[in-house]
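**Q** Here it is, the structure, as structure tokens.
Each reported figure results from applying straightforward, stated rules to the coordinates on display, with no laboratory input. All values reported here derive from a predicted model rather than from experimental measurement. With ideal geometry, Cβ positions are generated from the backbone for all residues, glycine too; neighbour counts draw on all protein chains shown.
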Amino acid sequence: MLFRVTPDSPVPLGEQIAACVRGAIADGSARPGERLPPARSLAGSLGVNVHTVLRGYQRLRDEGLVELRRGRGTVVTGRTDAPGLARLLTLAAELVAEARALGVDDEEILRLVSSQLPTAAGEPGPP
Amino acid sequence: MAETTDERGRGRGLALVVLPHLAAIGILTAVAIGVRDRLPDRVATHFDGGGTADGFLSREALLALALGTLVFQGLALGVALWRGRGPMRRLTAALGAGLPVFTGTLLVTSLLVNVDVADPTDVRLPLWWLPVALGGGALVGLGAWRLVGSGPRTRERPGRSSVLRLEPGESAVWSRHVGSRVMRIAALVVLLASLVSLAVGEWAPGLLGLLAAVVVGALASVRVTVDGSGLVVDLPPLPRPRLSVPLASVAEAEAVRVDAIGDFGGWGYRVRPGASGVVLRSGEALRVRREGGRAFVVTVDDADTAAALLNGLAARRRGEGG
């Protein structure tokens, strides 16, 4: 699993780490059961705080993409829809980042998404 | 033509392994037939450090054991040679030619010392046979080593290599676990065998077996990490053992395919001329060429990404990246 982070990016480091894992699950390079590196060693390698890594891992747990397993640490979940879910979460994160960059506030983002719900048939259109 | 030279090298190597084994089997059989009526029913087969007999077998069991050893050894080395490539084949040919001289000499000697004795406990093994057998084996092995030659240089197959361009200030890490099914099965078999030993009260072999099973089991899964310090292979959560190639000594990294037996003669931590590595299975592997020429190989999935990142980090360190 490849992790790339840029400290001076506007995206928080924990979110950058989570995005790397989502990407790896989405493109199939991280398969179900694959172990994430222990937070401490990943933090050491990337030169970031352990809590930053743990915050990223916690997000992934909340999203249902990874789970804690006794003796194996944090692993990619076995659910078959994990790659699809990871792709969806990546799109959502990109949508929010794009909207924030344009100065759109959170209320507006929610309204924007729900306005698409009645018309969209499935595939999201071009950005 | 490289292929023809290579096929000839393989045929010659196989002859160097098979012929000494056939010769050893032939001589042993001839000696056994010749002295058959002069051997006692129980023969001395094991000797202590001073050459005094301390282990005994029936005459038939000794003959079966001796022939079985040579046949099994010849088959195993023959298969290893057939699948071996480049420097591995040369090493196997030397071992395959020298070993039957050593084991054959010892087996024939242990037959001969039992000739015309009434009580097998009186049998003594003259110790000067040991250096003679060793020296003879080493000489023949050295001869085979020279005869086989290093083979065509072009046999080192090129791998896939790319460079991951890193942004200035960007940190990047690649990490993956790799397991060995062969070693897990081996650990399980040893574990079961040692539990049986313990159950029947054989404490020493049982405990030794348990220890071996734990060690092999622990080595069956390793972690491979590429980061700003270079390449590290370790066994989490243990801090040691740990193998590393510092980024400063990385000349080039590439993704290759390895055959565990053909390229490295087996599984585990392997050293062979020109390369060392952690080979837990056959297939995709990361190969790092170091400054100074020696290569380090570790079998791992997604080796393309690992190689690209390692090349990118090394390029940035040399001031080429960005």
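**Q** About the Cα centre of chain A, how large is the charge dipole given +1 on each Lys and Arg Cβ and -1 on each Asp and Glu Cβ? Please answer in debye to the nearest 20.
**A** It comes to approximately 860 debye.
**Q** Another question, then. Among B:L39, B:W128, B:G26, whose Cα sits farthest toward the positive end of the charge dipole of region B:2-155 (+1 at Cβ of Lys/Arg, -1 at Cβ of Asp/Glu, about the Cα centre)?
**A** Working it through, the farthest residue towards the positive pole turns out to be B:G26.
**Q** Taking θ as phi - 60°, what are the ³J(HN,Hα) couplings along region A:40-46 by the Karplus curve (6.51, -1.76, 1.60), each to the nearest whole Hz, with x for Gly and Pro?
**A** Along region A:40-46, the couplings run 5, 6, 4, 4, x, 5, 8 Hz.
**Q** A follow-up question, please. Can you give me the angle between helix B:203-219 and the longest principal axis of chain B, using Cα atoms only, in degrees from 0 to 90, rounded to the nearest 10?
**A** With both axes taken from Cα atoms, the answer is about 20 degrees.
**Q** How many Cβ atoms of partner chains, on average, are near each residue of B:172-181 if near means within 10 Å of its Cβ?
**A** Mean partner shielding for this stretch: 5.
**Q** Same structure, new question: Which one of A:V53, A:V11, A:V76 has the biggest mean-square fluctuation once chain A is modelled by GNM with Cα springs under 10 Å?
**A** A:V11
**Q** Angle between the Cα long axis of helix A:106-116 and the longest principal axis of chain A, 0 to 90 degrees, nearest 10?
**A** 70
**Q** Quick check for me: using +1 on Lys/Arg Cβ and -1 on Asp/Glu Cβ, what's the dipole size of chain B about its Cα centre, in debye to the nearest 20?
**A** Values: 35 positive and 27 negative charges, 197 e Å.
About 940 debye.
**Q** Counting only other chains, what is the mean number of Cβ atoms within 10 angstrom of the Cβ of each residue in peptide A:41-52?
**A** Mean inter-chain Cβ contacts per residue within 10 Å come to 3.
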